[in-house]
1. Binned at 5 Å from 0, what are the whole-percent values of the Cα-Cα distance distribution for segment 20-75, short to long?
2. Of TYR111, TYR25, how do they rank once you tally other Cβ atoms within 10 Å and put the fewest first?
3. Please give the net charge around THR37, taking every other residue with its beta carbon less than 12 angstrom from that of THR37, where Lys and Arg add +1 and Asp and Glu add -1.
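FYI, it's all coordinate maths here, none of it is from the lab. Predicted model, so just to flag it, every value in this text is computed and none were measured. Counting neighbours? That spans all protein chains shown, and the Cβs are built from the backbone with ideal geometry, glycine included.
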Amino acid sequence: MGSTADYVSTGVLSGTSDRRISNRYPLECPVITRHYTKQSLQWESGRGTTVNMSSRGLLLKTDQSFKPGQRVEASIAWPILLNQRCSLKMNVFGRVVRVKDGLTAIEILKYQFKTAGLAARA
């Protein structure tokens, strides 16, 4: 199998040629995921990283296993500071559309940016 970068550039995750409407941009950021399971009737959390992102979708590598159709929340540590001093996080609410080879593709239904506190000075 190819590397994650191969999936990003060729659209192999879908098994066909890339038919996406929005461009995907490689973006590797820490992410915390959360979804509700009907079996245990509780929220489950996990950690991972983003692989790429567009205005309509998100590709994650995570320690959780998802199923297509599941609703999921993802909190992404945004790589750019607000006013060069305040950390941001992007909260995404979406639906799992594909799962393959340890990668999860999520359709973004709603998102919002929130401040996450002042960044530490170097």
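1. So the P(r) values, bin by bin, are 4, 18, 27, 23, 16, 7, 4, 1.
2. Working: TYR111 14, TYR25 11.
Neighbour counts put them in this order, fewest first: TYR25, TYR111.
3. Details: positive: ARG34, LYS38, LYS67, ARG71; negative: GLU44.
Net of charged neighbours comes to +3.
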